[in-house]
1. Along the Cα→Cβ direction, 7 angstrom out, place labels at residue 42 and residue 13. What is the inter-label distance in nm?
2. Taking one equal scatterer on every alpha-carbon of the chain, how large is log10 of I(q)/I(0) by Debye at q = 0.13, 0.17, 0.24, 0.27 1/Å?
Amino acid sequence: MSTAAVVHCSEHMLLVRVDNDSVVDVLCGRLHGWVVSQQARRLQVPDTRLRLGSEEQ
């Protein structure tokens, strides 16, 4: 049995932690009018900030 727990609740958003990805599909079917999505994976991006005194030019 999969479970879901509300992690954060605000006026316009619910943050829910689920045990299984299939629970997301169930929530999509039950929460009419809500946008349900999975958390995006974070991507590593290069650090492009300029640094003062850096020898790289």
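We did not get these values from a lab; they are worked out from the coordinates using the rules stated. Predicted, not measured: the structure shown is a model, and the values here were computed from it. As a convention, Cβ positions derive from the backbone with ideal geometry for all residues, glycine included, and neighbour counts pool all protein chains shown.
1. Result for the modelled spin labels: 1.6 nm.
2. Here log10 of I(q) over I(0) equals -0.51, -0.66, -1.08, -1.21.
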